1. Among the residues of the range 45-64, which ones are surrounded by fewer than 20 Cβ atoms within 10 Å (Cβ to Cβ) and not in a loop (DSSP other than H, G, I, E, B)?
2. Being within 17 Å of the chain's Cα centre (by Cα) and under 17 Å from Gln143 (Cβ atoms), is that true of even one residue in the range 88-98?
3. In this structure, does Glu117 turn out to be at pLDDT 95 or above, assigned by TED's automatic domain parsing to the domain that holds Ala37, more than 18 Å from the chain's Cα centre (by Cα) and of a type in the set (Asp, Glu)?
4. Say we look at the range 110-151 and pick out the residues that are assigned to a helix (DSSP H, G or I) and hydroxyl-bearing (Ser, Thr, Tyr); which of these is surrounded by the most Cβ atoms within 10 Å (Cβ to Cβ)?
5. Determine the pairs where a residue that is closer than 14 Å to Leu95 by Cα, located within the range 60-74, has a partner that is at pLDDT below 95 and buried (at least 19 other Cβ atoms within 10 Å of the Cβ) with Cβ atoms under 9 Å apart, the partner being 6 or more residues away or on another chain.
6. Quick check on this structure: which one of Val59, Val144, Val133, Val104 is aliphatic (A, V, I, L, M), over 16 Å from Phe40 (Cα atoms) and in the same structural domain as Leu41 (by TED's automatic domain parsing)?
7. What's the number of the only condition in (1) loosely packed, with under 14 Cβ neighbours inside 10 Å; (2) of a type outside the set (D, E, K, R); (3) at pLDDT below 95; (4) out of contact with any Leu (no Cβ under 7 Å at 6 or more places or on another chain) that Thr93 fails to meet?
8. Quick check, is Ile72 buried (at least 20 other Cβ atoms within 10 Å of the Cβ), in the same structural domain as Val131 (by TED's automatic domain parsing), modelled with pLDDT of 95 or more and farther than 15 Å from His127 by Cα?
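The values are calculated or read from the model by the stated rules, or taken from the named source; none is laboratory data. What you are looking at is a predicted structure, and each value in this text was computed from that prediction instead of being measured. Ideal geometry is used to build each Cβ from the backbone, glycine not excepted, and the neighbour counts take in all protein chains shown.
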Amino acid sequence: MPVNKGVTGLVLGLAILMAGLGTGVQGEPLNEDKPFAEQFLLLQLSDDQPEKQNMVLSVAANLLQHYGPDSIDIEITTFGPGVALLVNGNSRTELISSLMAQGVRFSVCMNTVETIERSTGRAPDLHPDSVRVQVGVAHILDQVKKGYVLVRP
C-alpha cells in the first residue's frame, strides 16, 4: 500500500505539536516549579470587593482539588484595587499562605503599590511571599502569550 507523504507529515506534525503542549517555545515547561502541569491558569483580580476576592481564592482552591497541585499551574495577578488582597493583615492571609504552600503564585503590580505610596505617604505592607511585578497588566499579557489561560471571575 503506497504511503501518502503529505498525510504522514501532517500526522507527524500534529504529534510534535501535541507533545509540546504546556511547554514554552523551546520545549521547556511554562513554569519550572510545575514541570508536570498540564493546565495553566492566570486569575486576574483588579477589584477590592470581598466577594470577588473570595471567588478568586475559591476558584484556585477548587481547581487545586480537582486537578491536584502538580497538574495545574495557577497564578493570581493583582493590580489596582485588587492589590488589597495581598496587604498583610487581610482576613484572607492564612488562606493565601495555604494556597501558596500548594504552589499558587500571587503577583502584585508595583505600579499600583507605588501609586498608593505617593498618595498615602507609605507603601502597603505586602504578603512577604507575593511576587512583585512592575506592571500587572503587562505581566498578564506576557503570561497569556506564554500559554496561560486568563480568567477574570
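1. Pro50, Glu51, Lys52, Asn54, Met55, Ser58, Val59, Ala61, Asn62, Leu63, Leu64
2. To start, the set of residues in the range 88-98 that are within 17 Å of the chain's Cα centre (by Cα) comprises 95-98.
With the extra rule that they be under 17 Å from Gln143 (Cβ atoms), the set shrinks to none.
No, the conditions are met nowhere in the range 88-98.
3. Details: at pLDDT 95 or above: yes; assigned by TED's automatic domain parsing to the domain that holds Ala37: yes; more than 18 Å from the chain's Cα centre (by Cα): yes; of a type in the set (Asp, Glu): yes.
Answer is yes for this residue.
4. Out of the qualifying residues, it is Thr112.
5. Nothing qualifies.
6. Working: Val59 fails: over 16 Å from Phe40 (Cα atoms); Val144 fails: over 16 Å from Phe40 (Cα atoms); Val104 fails: over 16 Å from Phe40 (Cα atoms).
Matching residue, one of Val59, Val144, Val133, Val104: Val133.
7. Just one mismatch for Thr93, condition (1).
8. So Ile72 fits the description; yes.
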